[in-house]
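Asks: I'd like to ask you about the structure that follows.
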Amino acid sequence: MKGEKISGYRKINLAMSIVGNIQIFKLKMASRNALKSQAKTLRQILSYAKDSEYGKEHNFAQILEAKTPHELFDAYRKAVKVNDYEDIRPYINKHLQGGENILFPGKPKMYATTSGTTKEPKWIPITNEYFTNVYGKINKLWLWTLIQQSKYAFAGGVVSIVGKAIEGEAPDGTIVGSVSGVSYTQCPAFVKKAYTAPNEVFEITDYKARNYCIFLLGLIRNTSLIVTANPSTVAGMQDNIIANYDSYIHDIETGTLNAELQMPDHCRKAIEAMLTPNPKRAQELKDIKAKYGTPLPKHYWPDMQVLNTWRSGNTKIYLDKITGTFPDECKTPEFGYFASECRVGLVMNGKNDTTLFPHMHFFEFTREEDMEKEEPEFLTIDQLEIGKRYCLYVTTWAGLYRYNMNDLVEVTGFYGTIPMIQFIQKVNGIITLTGEKLHERQFIAAVHEVEKRLNMPCRFFIGFADEQYSGYRFYYEFENEASQEDAERFNKAVDEELKNINIEYAAKRNSFRLQDPVPYRLVGDSFEKFKARCIAEGARDGQFKLMLLLNDEKRHAKFKELVKD
């Protein structure tokens with residue numbers, strides 16, 4: 001490393017190697033026969049939950065009488081239908097009210113919340129078994145993969161951006177929060193020492209203040225590792241540091257924290273306890289600005305070793321923004337495919353492919369071309385082919401049985417007999433630019449609510465995601481004459497309603513990762529004109545369908561031509 005080395009990373013590497021090698025051995029054993037591993041995992045999950053209310057209703061004990069893996073899978077499919085969240089919400093509601101032994105033995109350790117397809121958010125139960133035996137072990141192996149990228153990954157400070165560990169309580173008093181946040185608070189002491197920010201930083205609800213503190217504490221250190229799922233956060237980080245650079249220099253030089261930042265007193269005290277006057281570092285930052293004009297991570301973090309973030313799906317626009325801004329030797333491994341409901345595996349090849357963990361979850365798949373079928377064929381892990389795309393269904397230790405992830409993935413290779421996948425996109429009307437998971441139903445519901453509230457009925461409306469803009473463009477054809485000012489007022493109300501409906505959308509808007517949605521007024525008969533053009537280009541009239549929330553530039557271009565001057 002070029003800058004100041006921080007002692008202790010060898011001990012961290014040794015500890016991670018010990019726990020990592022244990023998990024690697026288990027993964028390699030599973031990779032010898034992924035199908036056999038899947039049968040074992042499904043039996044373990046069903047045995048664990050067979051005496052729960054759900055297990056009894058769906059005859060888990062009887063399913064377990066199957067002799068062969070395929071008999072087990074067939075019996076499971078016959079007894080348990082595919083579930084969306086709304087199918088299991090009634091069982092989760094019983095847990096939320098204090099019920100035990102509903103989806104699984106006992107009660108959840110905690111709940112993670114995320115956006116659903118309706119106004120009600122999803123409450124994802126996290127059991128002790130899932131948190132300890134699955135998520136905890138995956139985390140240990142994940143940390144091990146980072147030192148495979150660079151032995152100096154933990155030689156400096158670690159900027160890790162996570163959710164709030166405790167966001168509230170369920171009706172029965174169970175913790176509601178972020179799994180990543182809880183993991184941050186419970187990570188091994190030897191790892192926690194490397195983190196630049198205390199737990200209290202993530203309790204700050206004002207995103208400007210929270211981000212300021214995260215990056216202030218990162219700038220003080222010789223930071224060597226950044227971990228954040230979404231690259232839009234990294235792009236925002238760079239903009240934040242440029243915008244507040246002089247303020248950061250002042251706080252570092254004086255060992256103070258900007259008095260104008262809004263945060264709870266205990267958070268300010270925890271952060272101020274980590275600050276001491278550092279005129280040497282402040283001068284380094286001054287010299288960097290004088291030399292380069294626009295400070296970039298490669299200037300103020302010259303020893304950055306690893307940037308771990310998403311690189312697949314529609315993240316390219318954000319990756320392009322940060323390309324060339326980090327040191328040449330900085331590795332940028334894919335964070336891997338995961339969701340609140342399930343972390344399905346890890347990137348094990350140093351590229352962009354997530355290796356599924358058949359010894360931790362049970363997986364099923366349907367072919368992309370079968371998505372619209374009422375009774376698609378369900379495939380097991382041994383039936384997948386390289387280059388083919390599939391919809392993914394999971395069964396977990398946390399009460400999700402044959403759960404539709406609503407994600408399209410592509411098989412890119414194999415780790416032994418285990419498929420490796422890349423996330424392609426959300427399906428079934430769900431759009432996500434920065435993790436907001438905005439559903440077509442939510443957009444429709446928001447517009448209809450605002451129509452009634454403002455007495456501004458729409459004849460037609462449609463929304464498009466714009467990756468370059470990092471936001472949405474909404475098009476409205478009003479029943480009555482409306483000015484551009486009227487459209488902007490209507491659109492602002494739709495934006496606020498979407499924040500009320502979708503907690504992920506609200507978080508991304510409030511943290512400035514999503515830009516303000518942009519309104520446009522459409523000419524009269526806009527849908528009819530659009531449809532006529534599509535039919536003229538070869539679309540079949542009888543099969544013509546149009547979703548009202550899209551990430552489709554070809555269709556978007558047609559609506560751009562239908563905007564009022």
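The values are calculated or read from the model by the stated rules, or taken from the named source; none is laboratory data. Keep in mind that what you see is a predicted model, and the values were worked out from it rather than measured. Here Cβ is always computed from backbone atoms with ideal geometry, including for glycine, and neighbour counts include all displayed protein chains. Accessible surface areas use protein heavy atoms only, side chains included; no ligands, DNA or RNA. Shrake-Rupley method; radii C 1.70, N 1.55, O 1.52, S 1.80 Å.
Asks: Of the residues Glu537, Glu504, Glu528, Glu496, only one is under 24 Å from Thr113 (Cβ atoms) and at pLDDT below 95; which?
Replies: After ruling out the rest, the residue left standing is Glu504.
Asks: Would you point out the residue of the stretch 227-264, among those that are at pLDDT 95 or above, hydroxyl-bearing (Ser, Thr, Tyr) and in a helix (DSSP H, G or I), that is farthest from Phe423 (Cα to Cα)?
Replies: Here the residue is Thr254.
Asks: Among residues belonging to the stretch 73-88 that are more than 25 Å from the chain's Cα centre (by Cα) and free of Cβ contacts under 8 Å to residues at least 60 places away in the same chain, point out the one that is most open to solvent (accessible area, probe 1.4 Å).
Replies: Restricting to residues being more than 25 Å from the chain's Cα centre (by Cα) and free of Cβ contacts under 8 Å to residues at least 60 places away in the same chain, the top hit is Lys78.
Asks: Shifting gears a bit: Considering only the stretch 314-328, how many residues are farther than 24 Å from Val409 by Cα, without any contact (Cβ under 8 Å) to a residue 60 or more places away in the chain and surrounded by fewer than 20 Cβ atoms within 10 Å (Cβ to Cβ)?
Replies: 4
Asks: May I ask you to verify whether Thr294 is in contact with a Gly (Cβ under 7 Å, 6 or more places away or on another chain), assigned to a loop (DSSP other than H, G, I, E, B) and exposed (fewer than 13 other Cβ atoms within 10 Å of the Cβ)?
Replies: Criteria not met by Thr294.
Asks: Can we say Leu408 is open to solvent by less than 10 Å² (accessible area, probe 1.4 Å), in a loop (DSSP other than H, G, I, E, B) and of a type outside the set (Gly, Ala, Ser)?
Replies: No; evaluated as a whole, the condition is false for this residue.
Asks: OK, next. Identify the single condition in (1) open to solvent by 20 Å² or more (accessible area, probe 1.4 Å); (2) not in a loop (DSSP other than H, G, I, E, B) that Cys267 does not satisfy, given that it satisfies every other one.
Replies: The number of the failed condition is (1).
Asks: Go through the stretch 227-264 and give me each residue that's open to solvent by 40 Å² or more (accessible area, probe 1.4 Å) and closer than 17 Å to Leu514 by Cβ.
Replies: Of everything in the stretch 227-264, just one residue is open to solvent by 40 Å² or more (accessible area, probe 1.4 Å) and closer than 17 Å to Leu514 by Cβ, namely Asp239.
Asks: Do the conditions hold for Phe527, that is, is it open to solvent by 30 Å² or more (accessible area, probe 1.4 Å), in contact (Cβ under 8 Å) with a residue 12 or more places away in the chain and of a type outside the set (D, E, K, R)?
Replies: Answer is yes for this residue.
Asks: Condition (residue is without any contact (Cβ under 8 Å) to a residue 60 or more places away in the chain, open to solvent by 30 Å² or more (accessible area, probe 1.4 Å) and β-branched (Val, Ile, Thr)) applied to the stretch 178-195: is it met by at least one residue?
Replies: The answer is yes, given that some residue of the stretch 178-195 is without any contact (Cβ under 8 Å) to a residue 60 or more places away in the chain, open to solvent by 30 Å² or more (accessible area, probe 1.4 Å) and β-branched (Val, Ile, Thr).
Asks: Another question, if that's okay. How about the stretch 411-455: which of its residues are closer than 24 Å to Lys508 by Cβ, open to solvent by 50 Å² or more (accessible area, probe 1.4 Å) and of a type in the set (Lys, Arg)?
Replies: Within the stretch 411-455, Arg441, Arg453 meet the criteria.
Asks: Taking Ala557 as meeting all but one of (1) small (Gly, Ala, Ser); (2) loosely packed, with under 14 Cβ neighbours inside 10 Å; (3) over 35 Å from the mean Cα position of the chain (by Cα), write down the number of the exception.
Replies: Looking at each condition in turn, Ala557 falls short on (3).
Asks: Could I ask something else about it? Return the residues of the stretch 166-177 that are assigned to a loop (DSSP other than H, G, I, E, B) and open to solvent by 20 Å² or more (accessible area, probe 1.4 Å); say none if nothing qualifies.
Replies: Answer for the stretch 166-177, where residues must be assigned to a loop (DSSP other than H, G, I, E, B) and open to solvent by 20 Å² or more (accessible area, probe 1.4 Å): Ile166, Glu167, Pro171, Asp172, Gly173.
Asks: Working only within the stretch 89-136, note down all residues that are assigned to a helix (DSSP H, G or I), touching a residue at least 40 places away in the same chain (Cβ under 8 Å) and open to solvent by 30 Å² or more (accessible area, probe 1.4 Å).
Replies: Answer for the stretch 89-136, where residues must be assigned to a helix (DSSP H, G or I), touching a residue at least 40 places away in the same chain (Cβ under 8 Å) and open to solvent by 30 Å² or more (accessible area, probe 1.4 Å): Tyr91, Lys94, Glu129, Asn133.
Asks: Since Ser224 meets every condition but one in (1) surrounded by fewer than 22 Cβ atoms within 10 Å (Cβ to Cβ); (2) not in a helix (DSSP H, G or I), which condition does it not meet?
Replies: Every listed condition holds for Ser224 apart from (1).
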